[in-house]
Structures are given as structure tokens and as C-alpha cells.
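*Asks:* Can you keep this structure in mind? I'll have questions shortly.
The values are calculated or read from the model by the stated rules, or taken from the named source; none is laboratory data. Source: prediction; values computed, not measured. Positions of Cβ are backbone-derived with ideal geometry, glycine not excepted, and every protein chain shown enters the neighbour counts.
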Amino acid sequence: MKKAYLLGYWQGNVGDDLFLKIICEKYPKTEFYISTSNEYRNYYKFNNLKVFVEDKGFLANLNKIMNFFKLPNIFSVIPLLFSNIIEIGGSIFIEDDNWKKTLRRRSLYLKYSKTYNIIGCNFGPYKDNNFLSCYRDFFNEVDDVCFRDVYSYNLFKDNNKARYAPDIVFSLANKVDTSNTPTNEVIISIIDLMYETRNLKLKNSVEQYELKIVEIIKDLLRDEKVPTLISFCEHENDSKAIERILNRLDTESKKRIKVVMYNDINQILDIFSRAQRVIATRYHAMILGIKFHNMISVLSYSKKIDRVIEDLKLDIPNIRIQNITENSLSDSLMYGTVSDKQINEISEESTLQFDYVDKILE
């Protein structure tokens, strides 16, 4: 059985966990490995996936000893034991205070692996051209890098190892019955604009955003719909934002609202398969809404969302969160849909993300 180590964001986030589900199910004869904390261990139950637990058990205790003697973190060393490394994720190339350290670690894995390829990503945001230049050098050395947006691809299009294909989640196999009779549930994916990594503009928009969600909920309740608030990522405090929103509503309204805290990827897929509409702030709430033929409206917090709408020529209403004003709070949302033909075309094209992975694992 072939083996591969998966670098990624394994902290209970719907989007990244969908990546993991898709790759594990696509290559059932490959044994995949990841590292994560014990808190998220039970999120990742696939027959061909092995999990290194970072904070419990033998390896965690061994790591404490290594740290005591100022030896390298064992979970940073583990990927060096694998000949095939696949880095799979979305916004994994963001310029932050630790980017040079992250790049050095990636370069080390690249040096000692037989194959190193990257799929599903976008590049940025970044400010320093040195950041861009260093990653141009790095991408020249990897075996393959497939971006999920045209903007990122264009930054590296002179590199013949760089490719573009739509987001990996579009390639999700439809094992959930999309012919289910729609419920009167309307999904609202919530994001915490106060989370530590959000930029100042987003943090300054939190009041207007959450008030807008409250108004949306009130409109849905008047229409006898069931607002279903979904936390896509507990680690990034989606649930705290939901709590603040609920605190702005009266007791009777709260009784008519569903709240879903993500801990089971199949539960999330089932909810999307039955929903009438999706109001998406989270990137992959929008992607799933498209995939499951929902009516969609987007409250965008990031250019990565705006770019995919532009790249794929999606006829979906998109409101930038920073543009929400007091005067627009009560404005009714517009919804859009994507045709079956376009969804099928996008889904087929998204499988190209795996072109290089096919060569090494099939």
C-alpha cells in the first residue's frame, strides 16, 4: 500500500476536513497520515487515515522529553519519514510574522521527500515582494502546485509546475441524496470577525455584520423559515459569534432557530442537501451551496470569495461585509442559483487538482 503524509490545517474546520474526506475516499488504496491534537482526533475517521496525536500518548510524552533537551519538535520531524508529501489546503500561503520559519520547514520537507506537491491553495494576502519572490523560488522546486483561483495562478504562471483548477470541494462525490425534499431550513454560515487573525477592517465591521445577520434572521422567521446557524470552525470562534448574535434576539425567536456546531462532516453535507437556501460568509459554505444546488446569497469577508465568483462567472449576489452600512441593514437579500450544466462543468474541471497526485498514488 502506498503512503503519503498530508500537510494541512487539521483543527476541525469544515473546508479543510472536506479536503481530507475527498482525498481519502479518492485513493482508498493509499495510507494517509496527519498530525493533530487529541481534541480533533475523532473528526478524522477514515479507514485509510492514520493520526499522530500531538498532545496525548507516547509520542506526546516523547516530544516533551525532546523539548526539555531542546531537540526538534517530533511532529515537525515526522513528515521527513515519508517519501510522498502532499500539502492540501486553501489559504496556506499568507504573509504573517512567522512566514520565513514556515518556508524553511517546507523547504526541509521538500529536500528530503521524493515527491512534494501542493493542491487546493490560493496565494496571499501579502505585502512584501520578498515573500512573493521566496515562494517563486520554492514553487520552482516542488513537483506540482495547483491553485484554486486565477489571481494566484497568474502570479506564478511562468512556472511550468503551476496550474489552476477550481476548488477541490467541487469534486466532492455526491453520495448524499440531493433529491431530498427541501426543508424550510435556511443555512447561515457565521464567521467571527473578531478572531485574532482578522484584519482591522474586518474587526471594525463586526457590529454591522452581526446586526445584518440579526435582521436576516428576523426576516426569515417572519416568512416561517427555520434559520440554521452553522459554526464551521470552533477553533476560529464561529460559535462565539453565533452566541453574540443570539443574545441580540428575544427568547421566542431563539426557540425557532437551529444551531449546528460542526463535529461531523457527513452531518454538514446532509444539512446542505436538504436546505432551501444558503447565506454564506464562510468560503466553503458558498461552495457547498453551489454543489448542492441551493439558492445562495454571499456576505463576503475576503477577496478569495470575490475571486472565485469572478473566475467561475457565478451569478450569485455578493455583499462585501465592509460595505454593510446602518442604512442597508434592513435591505432584503437577493439570491442566485447556478445551473446544473455549469455545476457539472466546474465539478469536472476541479478534478484536475489531482492530476499530479494521480500519477504518484494510482
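*Asks:* Please verify whether segment 93-103 includes one or more residues that are surrounded by fewer than 16 Cβ atoms within 10 Å (Cβ to Cβ), more than 14 Å from Phe138 (Cβ to Cβ) and touching a Gly at 6+ places or on another chain (Cβ under 9 Å).
*Replies:* Yes, because at least one residue in segment 93-103 is surrounded by fewer than 16 Cβ atoms within 10 Å (Cβ to Cβ), more than 14 Å from Phe138 (Cβ to Cβ) and touching a Gly at 6+ places or on another chain (Cβ under 9 Å).
*Asks:* Residue under question is Lys258, and the condition is that it be without any contact (Cβ under 8 Å) to a residue 12 or more places away in the chain and either closer than 17 Å to Leu220 by Cα or out of contact with any Phe, Trp or Tyr (no Cβ under 7 Å at 6 or more places or on another chain) (or both); does it hold?
*Replies:* no
*Asks:* Does Leu62 meet the test of being loosely packed, with under 13 Cβ neighbours inside 10 Å, in contact (Cβ under 8 Å) with a residue 12 or more places away in the chain, part of a helix (DSSP H, G or I) and assigned by TED's automatic domain parsing to the domain that holds Ile168?
*Replies:* Considered against the rule, which asks whether it is loosely packed, with under 13 Cβ neighbours inside 10 Å, in contact (Cβ under 8 Å) with a residue 12 or more places away in the chain, part of a helix (DSSP H, G or I) and assigned by TED's automatic domain parsing to the domain that holds Ile168, Leu62 comes out as yes.
*Asks:* Return only the number of the condition from (1) surrounded by fewer than 20 Cβ atoms within 10 Å (Cβ to Cβ); (2) assigned to a helix (DSSP H, G or I); (3) touching a residue at least 60 places away in the same chain (Cβ under 8 Å); (4) of a type outside the set (Asp, Glu) that Ser332 does not satisfy.
*Replies:* For Ser332, the failing item is (2).
*Asks:* Among the residues of segment 200-217, write down those that are exposed (fewer than 15 other Cβ atoms within 10 Å of the Cβ), in contact with a helix residue (DSSP H, G or I) (Cβ under 9 Å, 6 or more places away or on another chain) and charged (D, E, K, R).
*Replies:* Once the filter is applied, which keeps residues that are exposed (fewer than 15 other Cβ atoms within 10 Å of the Cβ), in contact with a helix residue (DSSP H, G or I) (Cβ under 9 Å, 6 or more places away or on another chain) and charged (D, E, K, R), segment 200-217 yields only Lys201.
*Asks:* List every residue pair whose Cβ atoms lie under 6 Å apart, where the two residues are 6 or more positions apart in sequence or sit on different chains, the first residue falls within segment 148-162 and is among the small types (Gly, Ala, Ser), and the second residue, located anywhere, is in a loop (DSSP other than H, G, I, E, B).
*Replies:* Short answer, once both residue conditions are applied: Ser152/Asn122; Ala162/Phe156.
*Asks:* Let me confirm something: among Leu80, Leu110, which residue is within 27 Å of Ile23 (Cα to Cα), of a type in the set (A, V, I, L, M) and modelled with pLDDT of 95 or more?
*Replies:* Leu110
*Asks:* Right, something else. Name the single residue, out of those in segment 86-112 being hydroxyl-bearing (Ser, Thr, Tyr) and within 20 Å of the chain's Cα centre (by Cα), that is farthest from Gln353 (Cα to Cα).
*Replies:* Out of the qualifying residues, it is Thr102.
*Asks:* So which strands (runs of 3 or more DSSP E) stay within segment 124-194 end to end and still have 3 or more residues that are under 30 Å from Tyr27 (Cα atoms) and modelled with pLDDT of 95 or more?
*Replies:* Fully inside segment 124-194 and qualifying: 144-147, 162-164.
*Asks:* Something else: Mind checking which residues of segment 99-147 are closer than 30 Å to Leu172 by Cβ and either free of Cβ contacts under 8 Å to residues at least 12 places away in the same chain or among the hydroxyl-bearing types (Ser, Thr, Tyr) (or both)?
*Replies:* Thr102, Tyr109, Ser113, Thr115, Tyr116, Tyr126, Tyr135, listed by residue number.
*Asks:* Is segment 40-59 home to any residue that is under 19 Å from the mean Cα position of the chain (by Cα), of a type in the set (Asp, Glu) and over 21 Å from Ala165 (Cβ atoms)?
*Replies:* Within segment 40-59 (the criterion being under 19 Å from the mean Cα position of the chain (by Cα), of a type in the set (Asp, Glu) and over 21 Å from Ala165 (Cβ atoms)), the answer is no, since none of the residues qualifies.
Residues checked against (1) farther than 25 Å from Ser205 by Cβ; (2) touching a strand residue (DSSP E or B) at 6+ places or on another chain (Cβ under 8 Å); (3) surrounded by fewer than 21 Cβ atoms within 10 Å (Cβ to Cβ):
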| residue | (1), (2), (3) |
| --- | --- |
| Asp223 | yes, no, yes |
| Val260 | no, yes, yes |
| Val278 | no, yes, no |
| Ser297 | no, yes, no |
| Ser302 | no, no, yes |
| Pro317 | no, yes, yes |
